[in-house]
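A.B. asks: Okay, here's the structure, questions in a sec.
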């Protein structure tokens, strides 16, 4: 846990450093009856000029936030705001009323926000050089201060302890100041934790970071030197910042719980967090998944296909050949397991998920396989994981990733490619389906016709011109001179059948000896046979 503590600012809190510039001190007291408006571009300034309090446009520039910001920084950097969940339109007003109430009203005069004073009446207000907006009573005592009602940022000289200042809430996005998905909380057990939050119910999921210091400290302090530490009840300190901190005399400091939460809880369901080249998190969707909200990648991902549901009366088991597994290296959804198999190899892990209608993703590492179902929270890609995520997707729908079967499955891969091609063709359109069917029929017809031609060289019409047959052809016609019909003077007669006249039998005479006039006699016999056949036809 020590390493997590030492990395608090680096991972969770965005530390901002801005160079200081000199400015003359002014009187920062604000009297009763003073007001600010969105239309006059006015603000209340701290004595040093380092901080300002007033309205600042956000989003589409037609909405306004009542906020405190660094006044000397070119890019207006907000450190506190009053109406993060209730932006106002132009014409709105903030007023320190004559009765001592600091009230924000919208353009229709409706009250949007009020500083809840609990300690006496207010006689003045001021914005301090620490960035703290305070309301004072007649004895100059503080009756209300912005440091007790932090939003997403703490500043040097600010303390978080049990009570109203015990929580930091992130923004929803970088440009949306509404309450976001992450919360740093000083719990009643004195443990500092960071949660992911379910919007809009604001219910807490399990914490993904904590100091694990229950009952040992009383405050988290951001001191003037730029260090953040825990002060324990026994007076000891535990530093949460590491390395050398640049001087607060030369730079502005702030610590902010960023809108992305930075660590594994940053991304929504079914997506996974990946640090980019600047070590900032980006949320990615698995293959065949897309962002639930394209304008906000932190809201998770949804499948681009209809997931197969388990039949109520079925076992939910069995092969699903219409699905395949795509892989993402070094990626895991650590808290979404429902089954664990070991020992097992990668092919078995793939088949296990494909055979389970509840399985959407399998994680394979070593000889272990964890199956997971949707929705999957807290996805993360990290280089030292050493395993891979196997994502179940339909055949033919994946373009963002390439399947990575093991080298022993080349045959399966080839068959899968063939199935993919055929599926793509058949699924394209009715016209292509018909064209594909006609092409198959034509191929079958020509192949059969070609085969028949090879066996039909004897196609003639009996009674017309005679033709010669080879011995091999005659051998095929008679099935190897198999059935004997009778014997003549010069040879034996066999039963045969021409392919072109299926069902009509012929007689084939095989000469066994030759005489001087044998050839003439044989031709005369053939002519007589042909004449008899012609008469039968008539």
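Bear in mind that the values in this text are calculations on the coordinates, not laboratory data. Every value quoted in this text rests on a predicted model; they were computed, and no experiment measured them. Note: ideal-geometry Cβ built from the backbone for every residue, glycine included; neighbour counts use all protein chains shown.
A.B. asks: Can you sort 395, 364 so the residue with the fewest Cβ neighbours within 10 Å comes first? List each step's numbers first, then the result.
C.D. replies: Numbers: 395 16, 364 24.
Ascending number of Cβ neighbours within 10 Å: 395, 364.
A.B. asks: What residues of the range 185-199 lie in the reach of a label at residue 233, counting those whose backbone N is under 16 Å from a point 7 Å from the Cα along Cα→Cβ?
C.D. replies: What the label zone holds, given the 16 Å backbone N cut-off, is 187-192.
A.B. asks: Sticking with this one: Can you work out the FRET efficiency for the pair residue 306 and residue 63, with r the C-beta to C-beta distance and R0 = 45 Å, to the nearest 0.05? Before the final figure, lay out each step's value.
C.D. replies: Working: r = 39 Å, r/R0 = 0.87.
For residue 306 and residue 63, the calculated efficiency is 0.70.
A.B. asks: Still on this structure, please answer the following. With 20 Å as the cut-off, how large is the P(r) tail for the range 52-112, expressed as percent of Cα-Cα pairs?
C.D. replies: Counting every Cα pair in the range 52-112, those more than 20 Å apart make up 26 percent.
A.B. asks: Given 0.36 nm per residue, what is the gain on full extension from residue 365 to residue 176 after removing their alpha carbon distance, in nm?
C.D. replies: Working: separation 189, 0.36 × 189 = 68.04 nm, distance 3.91 nm.
The residue 365-residue 176 span can extend by a further 64.1 nm.
A.B. asks: Pull out the extension gain between residue 290 and residue 481, defined as 0.36 nm times the separation in residues minus the alpha carbon to alpha carbon distance; nm, one decimal. Display every interim value, and only then the final one.
C.D. replies: Working: separation 191, 0.36 × 191 = 68.76 nm, distance 7.35 nm.
Using 0.36 nm per residue and subtracting the Cα-Cα distance, I get 61.4 nm.
A.B. asks: Given N residues in the range 104-226, what is its alpha carbon radius of gyration divided by 2.2 N^0.38 Å? Let's see the in-between values first.
C.D. replies: Values: Rg = 16.6 Å, N = 123, 2.2 N^0.38 = 13.7 Å.
Normalised by 2.2 N^0.38 Å, the Cα Rg of the range 104-226 equals 1.21.
A.B. asks: Based on the mean of other Cβ atoms within 10 Å per residue, sort peptides 475-483, 96-104, 77-85 so the most packed one is first.
C.D. replies: Details: 475-483: 14.3, 96-104: 16.9, 77-85: 20.1.
Top to bottom by mean Cβ count within 10 Å: 77-85, 96-104, 475-483.
A.B. asks: How many nm separate the modelled label positions at residue 199 and residue 224, each set 7 Å beyond the Cα in the direction of the Cβ?
C.D. replies: Placing both labels 7 Å beyond Cα along the Cβ direction yields 3.9 nm.
A.B. asks: For residue 121 and residue 90 in one chain, what is 0.36 nm times their gap in residues minus the Cα-Cα distance, to one decimal in nm? Don't jump to the answer; show the numbers that get you there.
C.D. replies: On the way: separation 31, 0.36 × 31 = 11.16 nm, distance 3.02 nm.
Additional length available on full extension: 8.1 nm.
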